[in-house]
Amino acid sequence: MTIPVFGEKKRAQQYVKRNAVYAIIFDKPKEKIAIISIKEAAYFLPGGGIEEGENHAMCLKRETLEERGMAIEPIHYLGYAHQYFYSHNDVAYYLNEGHFYICEKKRMVGEPLEKGHSLIWIKPTLAIEKVVHQQQAWGIK
């Protein structure tokens, strides 16, 4: 199986390997998905980096709780892809190994812990155009 790879790998550049998981969460009529808007400037799928001792489900649950105060349940694994990118926030180059899951929204359990993150429900075709990373657009498709 060939792993899809996105972004440009710069020669002689050191990359930090980052394992991550992302949630595709549909609304009840299954017409829209959830994406995170950071200060209305950047758009991402809910999810993020896997911390030490976490499995995929634990990370997805923690990330959606932190970003949106939302309890979710992963229900179907979709696959994974790689993305080379530079993070201005971290001042680092990353090779992101992202895994994608269809997840079910269970309930809202509190306020998001991460400030400046807004939840947007959007048609998947528009989400593909808005997300920052090509890897996440691939996951939505």
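Some observations on this one:
- Taking every residue in the stretch 28-56 that is part of a loop (DSSP other than H, G, I, E, B) and pairing it with any residue that is surrounded by fewer than 20 Cβ atoms within 10 Å (Cβ to Cβ) and among the polar types (S, T, N, Q), at least 6 positions away or on another chain, the pairs with Cβ-Cβ distances below 7 Å are Ile50/Asn19.
- Answer residue from the stretch 58-75, given it is free of Cβ contacts under 8 Å to residues at least 40 places away in the same chain and hydrophobic (A, V, I, L, M, F, W, C) and is surrounded by the fewest Cβ atoms within 10 Å (Cβ to Cβ) among those: Ile75
- In the stretch 104-141, residue surrounded by the most Cβ atoms within 10 Å (Cβ to Cβ) [restricted to those that are of a type in the set (Gly, Ala, Ser), out of contact with any Gly (no Cβ under 8 Å at 6 or more places or on another chain) and in a helix (DSSP H, G or I)]: Ala127
- Selected residue (only one of Glu51, Glu104 is in contact with a helix residue (DSSP H, G or I) (Cβ under 8 Å, 6 or more places away or on another chain) and over 20 Å from Val131 (Cα atoms)): Glu51
- Positions within the stretch 87-141 being at pLDDT below 95, of a type in the set (Ser, Thr, Tyr) and closer than 26 Å to Ile3 by Cβ, in sequence order: Ser87
- Test for Lys10: is it outside any strand (DSSP E or B) and within 20 Å of Leu126 (Cα to Cα): no
- Criterion applied to Lys17, Lys39, Lys10 was being of a type in the set (D, E, K, R), closer than 23 Å to His88 by Cα, surrounded by fewer than 16 Cβ atoms within 10 Å (Cβ to Cβ) and in contact with an Asp or Glu (Cβ under 8 Å, 6 or more places away or on another chain), and the one residue passing it is Lys17.
The values are calculated or read from the model by the stated rules, or taken from the named source; none is laboratory data. All of these numbers come straight from a predicted model, not from anything done at the bench. All Cβ positions, even for glycine, are placed from backbone atoms using ideal geometry, and neighbour counts span all protein chains on display.
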